[in-house]
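The values are calculated or read from the model by the stated rules, or taken from the named source; none is laboratory data. In this text, all values refer to a predicted model and were calculated from it rather than measured experimentally. Using ideal geometry, Cβ is built from the backbone for each residue, glycine included, and neighbour counts are taken over all protein chains shown. When the accessible area is computed, the model is the full protein with side chains, heavy atoms only, and any ligands, DNA or RNA have been set aside. Shrake-Rupley method; radii C 1.70, N 1.55, O 1.52, S 1.80 Å.
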Amino acid sequence: MDKHLPITKIQRGKVVGKTLLKISATRSKAVLKRTFSTQAKKKVLQEEMHEEVAKTIFEALGELKGMSIKIAQQIALGMPFLPPTYLEQMQKSFHKVPPINKALVRKIIKTELGGSPEKCFDEFESSSFGSASLGQVHHATIEGESVAVKIQYPGIKKSIESDMSILRFGLKKVAKGNDISHIVEEIGERLHEEVDYEIEAQNCTFFAKNLHLKDIIIPTIYEAYSTKHILSSSYLEGDSFETFLASSPSQEYLNHYAQLIFDSYFHSLYTLKIIHADPNPGNFIFMEDGKLGLIDFGCVKKIDDAFLNDYNRLHLDLIAGISDEEVIKQYADLGMIDEGNPKEMLTFYQETIKPLDRLYIEIFHQDHYDFKVNNDFSKRGFHLILEVQKKQFQAVHKINQEFIFLDRTLLGYYAIFERMGAVIDTREAVEIMRTHERRQHES
């Protein structure tokens, strides 16, 4: 690892303090300049201020390294209503952390597993074959079985609070609306879970035992070779997403794999009440015989029964085309629209949320949806959310946090389907929703 990486609380605290002071100074300077400017100039100054604050935030995350990649990914997906310059800076922060050197790998294994790599494993490759956002992955064998050993970067857990403190301060200064604390808190909770490989092991085992879908393959965890900082699982042989696309697969294969991803989401949500909530193409292994490997269970989202019932009813009603007046009642129950004057609530819904609703149900208004033809779907969603932000409605920032990980996962999958140019069959997903509604009425 980089010898200049700030690890101690004091070192990281200095970076945080310096960053917060710089953000405050940038904002104060911008406020002063805008006071004596024309309306047109004020807009330019506002954009310049956003760009400078965004650059400051992500330069600090780059200096801290640690959780910067994961935080940037979570914020970009969880808060797409931020000014565009923040999202651009986040994309730049999706860098790879330098690999752990071989001596440190040996030290971590000895500390965590009680022996050298040669003692713990039949074979162990000291050079990593892949990287994860929080660690790197090595090949090994245990009793003749091929194993993937994920080793966490040192000091990751200690970095969460310092990194999140910069984001809390910086983003609250620029996010239009009263409160984004619930979104930041939800992201923080998921990050704390992701750095604990024992939790990831439990999640992986749960899905392996309970997600019974043909052609979905989930690794087996080797508990005796796993700790909070090392995760050993069966190695899934296959192609990465990029390698798969580069192989020029047939349309049939593209559709098949996209359908597996799509179906796994709805089965997980409605059958298990928990979803794999990290829509990263790197979490899929394209295997032989049409099988799809699903890996990296650090970020999952458990769904509350009451919320799922309301969420399901809302989307079935949207698909059925109920009146706007009925829809706003459901959004008020979900905490997405403030209770108040009915006419104002209706106006807010029709101007702000309804365009997003139409986009969501567009996929379910036909038995098959072609992402090759509609290859701008996720882009349209992104721009719609930005339009909401531009209108400066306060209530948009009271998004029910349950929506964050559901909607971001779906949008993430749709972006993957666009790259694949895949056609998906939506009928089973709609039937799953209707079955859930029937069971709810029967109980």
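Considering the stretch 229-281, the residues that are free of Cβ contacts under 8 Å to residues at least 60 places away in the same chain and touching a Phe, Trp or Tyr at 6+ places or on another chain (Cβ under 6 Å) include one that is most open to solvent (accessible area, probe 1.4 Å), namely Asp239.
Within the stretch 299-357, the residues that satisfy the criterion of being at pLDDT below 90, out of contact with any strand residue (DSSP E or B) (no Cβ under 8 Å at 6 or more places or on another chain) and in a loop (DSSP other than H, G, I, E, B) are Leu334, Gly335, Met336, Ile337, Asp338, Glu339, Gly340, Asn341. The set of residues in the stretch 133-159 that are part of a loop (DSSP other than H, G, I, E, B) and open to solvent by 20 Å² or more (accessible area, probe 1.4 Å) comprises Ser133, Glu143, Gly144, Pro154, Gly155. Of everything in the stretch 364-373 that is within 16 Å of Gln259 (Cβ to Cβ) and not in a strand (DSSP E or B), the residue that is most open to solvent (accessible area, probe 1.4 Å) is Lys372. Of all residues in the stretch 304-314, those satisfying the criterion of being open to solvent by 10 Å² or more (accessible area, probe 1.4 Å), in contact (Cβ under 8 Å) with a residue 12 or more places away in the chain and of a type outside the set (Phe, Trp, Tyr) are Asp304, Asp305, Asn309, Asp310, Arg313.
Among the residues of the stretch 104-132, those that are closer than 28 Å to Asn280 by Cβ and open to solvent by less than 20 Å² (accessible area, probe 1.4 Å) comprise Val105, Ile109, Pro117, Phe121. Checking the stated criteria, Met336 turns out to be more than 29 Å from Asp215 (Cβ to Cβ) and open to solvent by less than 50 Å² (accessible area, probe 1.4 Å). Residue pairs whose Cβ atoms lie under 6 Å apart, sitting 6 or more positions apart in sequence or on different chains, and linking a residue in the stretch 347-366 that is within 14 Å of Gly321 (Cβ to Cβ) and touching a residue at least 40 places away in the same chain (Cβ under 8 Å) to a partner that is among the β-branched types (Val, Ile, Thr) and surrounded by 13 or more Cβ atoms within 10 Å (Cβ to Cβ), are Ile361/Ile319; Phe364/Ile319; Phe364/Thr426; Phe364/Val430. Among the residues of the stretch 270-298, the ones that are part of a helix (DSSP H, G or I) and touching a His at 6+ places or on another chain (Cβ under 9 Å) come to 4 in all.
Yes/no per residue for (1) open to solvent by 20 Å² or more (accessible area, probe 1.4 Å); (2) in a helix (DSSP H, G or I); (3) modelled with pLDDT under 70; (4) polar (S, T, N, Q):
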{"residue": "Glu161", "(1), (2), (3), (4)": "yes, yes, yes, no"}
{"residue": "Leu167", "(1), (2), (3), (4)": "no, yes, yes, no"}
{"residue": "Gly170", "(1), (2), (3), (4)": "no, yes, yes, no"}
{"residue": "Lys173", "(1), (2), (3), (4)": "yes, yes, yes, no"}
{"residue": "Gly177", "(1), (2), (3), (4)": "yes, no, yes, no"}
{"residue": "Ile183", "(1), (2), (3), (4)": "no, yes, yes, no"}
{"residue": "His192", "(1), (2), (3), (4)": "yes, yes, no, no"}
{"residue": "Glu200", "(1), (2), (3), (4)": "no, yes, no, no"}
{"residue": "Leu213", "(1), (2), (3), (4)": "yes, no, no, no"}
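Looking across the stretch 216-269, the residues that are part of a loop (DSSP other than H, G, I, E, B), within 30 Å of Cys120 (Cβ to Cβ), touching a strand residue (DSSP E or B) at 6+ places or on another chain (Cβ under 8 Å) and among the polar types (S, T, N, Q) come down to Thr220, Ser226, Ser240.
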